[in-house]
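Here's the structure we're looking at; comments come further down.
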Amino acid sequence: MENLIIKTVIGTDDRIPINELMKLDPEKYKKSLAVAFIQFPGGRAGTAWRVSSKNLMLTNFHVVEDQKINQAKINFYYAKNNEDNEKVSIKGEKLLIADSSLDFALFQLDPTAFKMGKLDKFGYLEIEPEGARIGEEIYIPQFPCNYKNHPGCPKVVALDTKVDDRLIPITIEGFKNHGEAVYYSGDTGGGASGSPVISTATNKVVAINNSNSGDKNWGINMKPIWEEIKAFIE
């Protein structure tokens, strides 16, 4: 299903490599460490991220649909310098809860790897229970497979979008479906499904990137998702 829901670049591709973020904004870089690349045998792939200090990961339902979580490989990356990345690969364990209408899936990683502390240096992201607000500035760490001329799916971040040859911060521009979905002009792409849409002000996740419509990219607001998953986190 990942190849059926299209995410896109809005105008020019204004995303930057994650290692540039390390120099530009160390705090955003630190938060982005919790964002990983999830891949299944056969090529299905997307973005997932660690939520809370527990052994919990979130992504889109359409990334894991019809797949076996225990066959997934989840790759975290830690920049050792401005060019080289250290990769830590952990297997998926089991799906805890998923919802196709809200397009989310909460799952666990290999508990042995978790207990050994393999995730510790990557930290985790917190959720904003009230979800997104119109006008809120955001950034989107992701693993798109359409980044310029890169042959793979590198880790990049959408911070700004170009308007009249001027870069301006990405913001939540509006809602649809009674507030369940939000839209913005930040660049994404195939492979970016499941990426966290993070508030610049609080560094908390306000939506999960999942689709495109016209000249906007869309995410599912965290407010209704939080109601479904909070029992696993609190």
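The values are calculated or read from the model by the stated rules, or taken from the named source; none is laboratory data. Keep in mind that this is a model prediction, so the values were computed, not measured. When we count neighbours, we look across all protein chains shown, and the Cβ atoms used for this are built from the backbone with ideal geometry, even at glycine. Side chains included, ligands, DNA and RNA excluded: accessible areas come from the protein's heavy atoms. Shrake-Rupley method; radii C 1.70, N 1.55, O 1.52, S 1.80 Å.
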Inset, instruction - Hey, can you grab everything whose amide H is under 5 Å from the amide H of residue 36? Only 5+ residues off in sequence or another chain; H modelled, so Pro and N-termini drop out. - result: 48, 49, 50
Inset, instruction - Ignoring everything but the protein chains, give the 1.4 Å probe accessible area of residue 112 in square angstrom, nearest 10. - result: 80
Legend entry - Isotropic mean projected area of the C-alpha convex hull, the range 15-144 (nm²): 8.7
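Let me make sure I get this right: for the chain, a, b and c are the square roots of the gyration tensor eigenvalues over alpha carbons, sorted descending. Under 1.5 in a/c it's rounded, otherwise prolate if a/b > b/c, else oblate. Which is it?
Numbers: a/c = 1.39, a/b = 1.17, b/c = 1.19.
Rounded shape, in that the Cα axes give a/c under 1.5.
How much of the accessible area of the chain, probe 1.4 Å, is carbon plus sulfur, in whole percent?
47
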Inset, instruction - Evaluate the distance, in nm, between pseudo-label points positioned 7 Å from the Cα of residue 94 and of residue 66 along their respective Cα→Cβ axes. - result: 2.5
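Treating only the Cβ atoms of Lys and Arg (+1) and Asp and Glu (-1) as charged, compute the dipole magnitude of the chain about its Cα centre; round to the nearest 20 debye. Don't jump to the answer; show the numbers that get you there.
Working: 28 positive and 31 negative charges, 157 e Å.
It works out to roughly 760 debye.
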Legend entry - Relative contact order of the chain, pairs being alpha-carbon contacts under 8 Å that are 6 or more residues apart, as %: 25
Inset, instruction - List, in the order given, every pair from 23/230; 115/155; 91/204 whose Cα-Cα distance in the structure shown is over 32 Å. - result: 23/230
Legend entry - From phi via Karplus (6.51, -1.76, 1.60), per-residue ³J(HN,Hα) for the range 219-229 in Hz, x at Gly/Pro: x, 8, 4, 6, 4, x, 5, 4, 4, 7, 10
Legend entry - Under Karplus coefficients 6.51, -1.76 and 1.60, residue-wise ³J(HN,Hα) of the range 101-113 in Hz, glycine/proline x: 6, 8, 6, 9, 9, 10, 9, 10, 9, 3, x, 5, 4
Legend entry - Whole-Å distance, taken between Cα centres, linking the range 137-203 and the range 40-106: 18
Legend entry - Percent RCO, i.e. relative contact order, over the range 166-234, from Cα pairs under 8 Å lying at least 6 residues apart: 26
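Once R0 is set to 35 Å, what does the formula 1/(1 + (r/R0)^6) return for the Cβ-Cβ distance between residue 164 and residue 87, expressed as a FRET efficiency to the nearest 0.05? Please report the intermediate quantities before stating the final value.
Details: r = 39 Å, r/R0 = 1.12.
So the FRET efficiency works out to roughly 0.35.
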Legend entry - 5 angstrom amide H check on residue 9, placed H, neighbours 5+ away: 188
